[in-house]
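Taking it in order: structure first as structure tokens, then the write-up.
The values are calculated or read from the model by the stated rules, or taken from the named source; none is laboratory data. Keep in mind the model is a prediction, meaning the values are calculated, not measured. Heads up, the Cβs are rebuilt from the backbone with ideal geometry, glycines too, and the neighbour counts pull from every protein chain shown. These area figures cover heavy atoms from the full protein model, side chains too; ligands, DNA and RNA do not enter into them. Shrake-Rupley method; radii C 1.70, N 1.55, O 1.52, S 1.80 Å.
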Amino acid sequence: AIIISEEGVTFANPFEKDANSSERMLLRPEDSITHQNNIGSDIMMALDDVVSSVADNDERFEIATYRTLRWLDRCFAAHSKPQTQNLFAIVQGGLDTKIGGLREKCLAGFRARDHMIPGYAIGGLAGGESKEEFWKVVDQCCRALPDDKPRYLMGVGYPLDLVVCSALGVDMYDCVYPTRTARFGVALVPGEAPGTLRLKSNEFSNDERIIMEGCACAACKGGYSRARLHTLLKRNNPLAAELMTSHNIAYMMYLVRSMRKAVMEDRYKDYVCNFIHDQFRGSENGGQDVPEWVQNALLAAGISLEEC
């Protein structure tokens, strides 16, 4: 079991070949920073104490929030290359967004250290909480964090989430979703929700179209049809996972480039409206209705879908 204490995180030695061995390893905030300094990361993350967003333990959340602040100070003290490597702080505090709550206390602690912090991450989400709870945490953090430093939302990678959270003020993301879902034979595409093609399905067995017109990935540019990919996937050919992964990464790059272009041209509201209307045609048109959380989050960002 993993043990988290004030000193750091203790866990089983992953290099120990004896399954019955009780050898443990300790990772302290200082160790984490030393390793990242040695790697040469452009962006480094402070070691934080994160609790599952759906945990039912108020005391544990409070301990983790204040420990995250103390560990951040230790991380900065150990950081040997602040001029060339950017050490981001990670906002914790669970789903507590009330006035004077844990998220607010963590943000207040970061504001007191803002002169040392080149960028901020929003952590502790994408762990099973409701979408309504999710967007409210993102909104609170984006409103409180400085506008002149990047805001990075950790572990979030669904295209819809990126479009909505960018409207709330997020700049950066990371997630295993595009590559993991690729290995299950799911291709990301623009258009109607859910914005995916499940190429293992028999409906694609005779579909000679490529995944997405205009895509420059290895699959589309190489002329691999949906039918060919279907066959490769059904036979568990490793080439299929490579091609699907190439496509999904290319799609995500296409998505964020188009989002960035819209922001720079001051037309992101129109971009959001078009994206949402393409995904959700409405039940009266044979499609899906816009989820309530999407409507609420966009209203908080100043975008009314009724006025689109």
To the nearest 10 square angstrom, what accessible area does Arg267 show with a 1.4 Å probe?
80
What's the magnitude of the charge dipole for segment 1-94 around its Cα centre, counting Lys and Arg as +1 and Asp and Glu as -1 at the beta-carbon? Answer in Debye, nearest 20.
300
Extent along principal axes [Cα atoms of the chain; Å; largest to smallest]:
59, 56, 40
Size of the dipole of segment 169-234 about the Cα centre, Lys and Arg at +1 and Asp and Glu at -1 on the beta carbon, nothing else charged, in debye to 20?
380
Rounded tilt (10° steps) of 131-144 against the dominant C-alpha axis of the chain
60
Using only Cα atoms, find the angle between the long axis of helix 29-39 and the longest principal axis of the chain, and express it within 0 to 90 degrees, rounded to the nearest 10.
50
Report the charge-dipole magnitude of the chain in Debye, nearest 20, computed about the Cα centre from +1 at each Lys and Arg Cβ and -1 at each Asp and Glu Cβ.
940
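If a/c stays under 1.5 just call it rounded; otherwise compare a/b with b/c (prolate if a/b is bigger, oblate if not). Do that for segment 53-185, with a ≥ b ≥ c from the square roots of the Cα gyration tensor eigenvalues. Before the final figure, lay out each step's value.
Details: a/c = 1.60, a/b = 1.22, b/c = 1.31.
Since a/c reaches 1.5 but b/c is at least a/b, the shape of segment 53-185 is classed as oblate.
Quick one: which of Lys105/Lys269; Lys105/Lys136; Lys105/Lys131 span more than 21 angstrom between C-alpha atoms?
Details: Lys105/Lys269 32 Å; Lys105/Lys136 16 Å; Lys105/Lys131 23 Å.
Check vs 21 Å cut-off fails for Lys105/Lys269; Lys105/Lys131.
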Given a 1.4 Å probe and heavy atoms of the protein chains only, how would you sort Arg113, Arg235, largest accessible area at the top?
Arg235, Arg113
Placed amide H near Thr196: partners under 5 Å, 5+ positions off or other chain:
Val189
Leaving out ligands and nucleic acids, and using a 1.4 Å probe, what accessible area per residue does segment 233-307 come to in Å²?
59
Can you tally the net charge around Ala193? Count Lys and Arg as +1, Asp and Glu as -1, for every other residue whose Cβ sits under 13 Å from the Cβ of Ala193.
-3
Accessible solvent surface per residue of segment 72-185, calculated while the other protein chains remain in place, 1.4 angstrom probe, Å²:
42
Accessible area per residue, 1.4 Å probe, Å², for segment 1-49: what's the number?
64
Round to a whole number: what % of the accessible area of segment 188-286 belongs to carbon and sulfur, probe 1.4 Å?
48
State the percentage of accessible surface on segment 81-178 attributable to carbon and sulfur atoms; use a 1.4 Å probe and exclude ligands, DNA and RNA.
53
Long-range HN-HN contacts of Cys308 with modeled amide H, under 5 Å
none
First check a/c for segment 231-285, with a ≥ b ≥ c the square roots of the eigenvalues of its C-alpha gyration tensor; if it is under 1.5, answer rounded, and if not, answer prolate when a/b is larger than b/c or oblate otherwise.
oblate
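Assuming R0 = 51 Å, what is the FRET efficiency of Ala144 and Ser283, from their Cβ-Cβ distance, to the nearest 0.05?
Computed FRET efficiency for Ala144 and Ser283 comes out at 0.85.
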Excluding residues fewer than 8 positions from Lys81 in its own chain, the aspartates and glutamates with Cα under 19 Å of it are Glu30, Asp31, Asp42, Asp73, Asp114
